[in-house]
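So the structure is just underneath, and the comments pick up after that.
The values are calculated or read from the model by the stated rules, or taken from the named source; none is laboratory data. Note that the coordinates shown come from a computational prediction; the quantities given were computed from them, not determined experimentally. Cβ placement follows ideal geometry from the backbone for every residue including glycine, while neighbour counts extend to all protein chains displayed.
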Amino acid sequence: MAENAALIAQLNATDFLVEKLKLQIARMKRLAFGSTSEKDKALLAQLELALDDLELEDAQAKASLVPVVPVEGVLPEHKGKPARRPLPEHLPRESVEHAPDLAHNADGACGCPSCGKQMRQMGEDVTEVLEYVPESWKVIAHVRPKFSCRVCDTIMQAPATGLLARRLRHGPNLLAHVVVAKYANHLPLYRQSEIYARSGIDIDRSSLTDDVGHVAKILTPLIDLLAKDVMSSPVLHGDDTPVSVLAPGAGKTKTGRLWAYVRDERGHGGERPPAAVYYYSPDRKGEHPVAHLASFAGHLHADGYAGFNPLYAPAKSNEPAKVQEVACMAHVRRKFFDIHTATASPIAGEAIKQIAALYGVEAEARGHPPDQRKAIRQAKATPLMAAFQAWLEQQLTRIPKGGDLAVAIRYALSRFTALSRYLDDGTLEIDNNIAERAIRGLAVGRKNWLFAGSDTGGQRAAAIYSLIETAKLNDIDPEAWLANILPRIDDHPNKRLHELLPWNWKPAGDLQPV
C-alpha cells in the first residue's frame, strides 16, 4: 500500500504536467487559427512529443499499480480518472469462457471442492476487450463457365465486366486499401510493398504503381463529375501549397503546386454536401487558378495572392465581377501575431485583441441559418469592424512607414472591403480556414513521400485526393467507399453516375463490392 501511495502521488504530479502541456498546445492552436510561424511550429512539435512521452510514462506507472481495495484515510484517491468509452457496438462479438477448475461428482455435476455437493451458477462477470485481428489474405477465383449448344453451336458465357474486363490481378478491396494508404495515410508504395512482404505476400512496387494508375483511370469520370459539381457552388474556399516534383533528366526536384477548392456549408446549415477538388500545376502562375475557376461564379474565400486578381475584375466596366473576393481575417491576424511574438509590440497586441472580439461574434453566430448569422454580425461585428478600420488608419500615421507593422496594417486596409464582405452575407465566413484545413493533410504527406515523381504523378495525386478528401468531409470511410464503387463504375449508367459520389453512397447493407 505504501508503494501504491507513492505511485499515485507520482501520477497526480504527472497528470498536472500533462494537463498543463495540453493547455499550452490548445492555446497555441487556438491563437494560430490553423497555422503558426516556423518558430511556433517547432515549439508545438516539441510540446506534442513531450506530451506523448509523459502519457506513456503515466500509462506505465498505472500498469505498475497493485490492485488494492482502498481504505479511507490510508490510500489516497487518484483524481481525474477519465471514464472509459464503450466499445463499438457494430463490431462482431466473440465469447471466451473461463470456467473455474471444478471437480465432478458421480452424477457428472460440478461438485463443491469443500463439501462435494452440487454447485449451481449464480451469474457471471463479462469483461470486453477490443482486439486487433491481423489482415487476412485470400485468392478469389472468378469462374465463368461456358455453355454450348450441340445443335446450332451457340456459346454462352457471363461477360467479364468491371475489374474483370480490365484483367486486373488485384481485387477492389486491395486496390482501395493501396490507394487510401498512399493518399490518405501518406504511406509510399515502396513501404506498402515492404509491409506486405512481412506477411509473406510479394507485391513489388511496380505492380502497386500499376494498380494506382488503373484506379485513377477508372475514377476519371467520377472526378470530372465532382469537379463540375464543386464549381457550380455559389461559395468556394481556395488555397494552394507547394509540392516537390522530380525534374526529368536533371536529377533534381522542382516546386509544383497543389490547389484546393472547397465547398463547406456546414457552418450555416446549407443543403449542399461538403466537397473538395484539387488541381496540380507545375508552377504558381496566375493562369492556373484562372483556368481552374473559369466556370465558377460567386464568392471566393482566398488569401492575397495576386494570381486570383483577374477573377475579381469585371468583364465589362458596367457589369459586376463574376467572382467576388472574400479576404481572410486569419491572414491579417497572423501578420500581427508574428510581429507581437518577435517584438511584443503593443500596437500589434491591440490589433490581435480587436480581431479576437470579431471571432467572438463568429462563435456566437456559428451554426445558425444565414439570415440569423447576418443579423448577429450586423448588430455586433459591423461596429467592431468600423472601429478596427478607423484604429488601423490612425496607427498608420504614427509609425514608421517602412516597418513590418506598417506593412501589416497596409495589408489589412488594402483588403478591408473584401474582409468586411462576410458581414452582409450569412453564407460567407470570416476567414479561409476551411481551405487551409483541406491542404493540411497534403503538408503531412509531403513529409512522408518527399516528392511526386512527375507532373503526371502530381495530377494523379490531385485527382485522387479530390475523392478521398470529399469522402472524409462527408464522414464516409474512403476505403469502404472505393472498394464498393470500383467494380461498379465501368458498368454504371453515365446519367446516374452521381449516385456513386461519396455523399450519395449508401453504405448500410451494401458494404461488400457487387
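In the stretch 311-364, how many are assigned to a loop (DSSP other than H, G, I, E, B), among the aliphatic types (A, V, I, L, M) and under 24 Å from ALA390 (Cα atoms)?
Qualifying residue count for the region: 2.
Quick check on the stretch 343-401: of everything there that is touching a residue at least 24 places away in the same chain (Cβ under 8 Å) and basic (Lys, Arg), which residue is surrounded by the fewest Cβ atoms within 10 Å (Cβ to Cβ)?
Filtering the stretch 343-401 for residues that are touching a residue at least 24 places away in the same chain (Cβ under 8 Å) and basic (Lys, Arg), the one surrounded by the fewest Cβ atoms within 10 Å (Cβ to Cβ) comes out as ARG366.
Filter the stretch 369-420 down to residues that are charged (D, E, K, R) and assigned to a helix (DSSP H, G or I) and give me whichever is nearest to the chain's Cα centre (by Cα).
ARG373
Mind checking which residues of the stretch 189-243 are among the β-branched types (Val, Ile, Thr), surrounded by fewer than 15 Cβ atoms within 10 Å (Cβ to Cβ) and either closer than 22 Å to TYR279 by Cβ or not assigned by TED's automatic domain parsing to the domain that holds THR470 (or both)?
Start the filter on the stretch 189-243 by keeping residues that are among the β-branched types (Val, Ile, Thr), which leaves 195, 201, 203, 209, 212, 215, 218, 220, 223, 230, 235, 241, 243.
Then keep just the ones that are surrounded by fewer than 15 Cβ atoms within 10 Å (Cβ to Cβ); that gives 195, 201, 220.
Residue satisfying the conditions is THR220 alone.
Please list, ordered by first then second residue, the pairs with beta carbon atoms under 7 Å, 6 or more apart or interchain, first in the stretch 208-235 and polar (S, T, N, Q), second part of a helix (DSSP H, G or I).
Within 7 Å, the pairs are THR209/LEU189.
Identify the single condition in (1) surrounded by 17 or more Cβ atoms within 10 Å (Cβ to Cβ); (2) in contact (Cβ under 8 Å) with a residue 60 or more places away in the chain; (3) of a type in the set (A, V, I, L, M) that VAL407 does not satisfy, given that it satisfies every other one.
(1)
Which condition number in (1) in a loop (DSSP other than H, G, I, E, B); (2) outside the structural domain of GLU469 (by TED's automatic domain parsing); (3) closer than 26 Å to ILE476 by Cβ is the one that PRO159 fails?
That leaves (3) as the condition not met.
Residues GLU135, GLU97: which one is charged (D, E, K, R) and either part of a strand (DSSP E or B) or touching a residue at least 40 places away in the same chain (Cβ under 8 Å) (or both)?
GLU135
Of all residues in the stretch 423-440, how many are in contact (Cβ under 8 Å) with a residue 60 or more places away in the chain, farther than 12 Å from ALA276 by Cβ and of a type in the set (A, V, I, L, M, F, W, C)?
Result for the stretch 423-440: 2.
Kindly indicate which of ALA342, ALA381 is touching a helix residue (DSSP H, G or I) at 6+ places or on another chain (Cβ under 9 Å), among the hydrophobic types (A, V, I, L, M, F, W, C) and modelled with pLDDT under 95.
After applying the criteria, what remains is ALA342.
Among the candidates ALA165, ALA99, which residue alone is surrounded by 10 or more Cβ atoms within 10 Å (Cβ to Cβ) and either more than 42 Å from the chain's Cα centre (by Cα) or not β-branched (Val, Ile, Thr) (or both)? Walk me through it before giving the result.
Values: ALA99 fails: surrounded by 10 or more Cβ atoms within 10 Å (Cβ to Cβ).
Result of the check over ALA165, ALA99: ALA165.
Can you name the residue in the stretch 109-162 that is charged (D, E, K, R) and modelled with pLDDT of 80 or more and, of all such residues, is nearest to ASP490 (Cα to Cα)?
In this case the residue turns out to be ARG144.
Which condition from (1) more than 30 Å from ARG93 (Cα to Cα); (2) surrounded by fewer than 10 Cβ atoms within 10 Å (Cβ to Cβ) is the one that VAL139 breaks?
Among (1) more than 30 Å from ARG93 (Cα to Cα); (2) surrounded by fewer than 10 Cβ atoms within 10 Å (Cβ to Cβ), the lone unmet condition for VAL139 is (1).
Going by the structure shown, is PHE296 among the aromatic types (Phe, Trp, Tyr), touching a residue at least 40 places away in the same chain (Cβ under 8 Å) and either more than 29 Å from ASP455 (Cβ to Cβ) or in a loop (DSSP other than H, G, I, E, B) (or both)?
Yes.
When HIS299 is evaluated against the numbered criteria (1) surrounded by 14 or more Cβ atoms within 10 Å (Cβ to Cβ); (2) modelled with pLDDT under 95; (3) touching a helix residue (DSSP H, G or I) at 6+ places or on another chain (Cβ under 8 Å), which criterion, by number, is the only one it fails?
(2)
Do you know which of the residues in the stretch 313-339 that are exposed (fewer than 13 other Cβ atoms within 10 Å of the Cβ) and not hydrophobic (A, V, I, L, M, F, W, C) is modelled with the highest pLDDT?
That would be PRO314.
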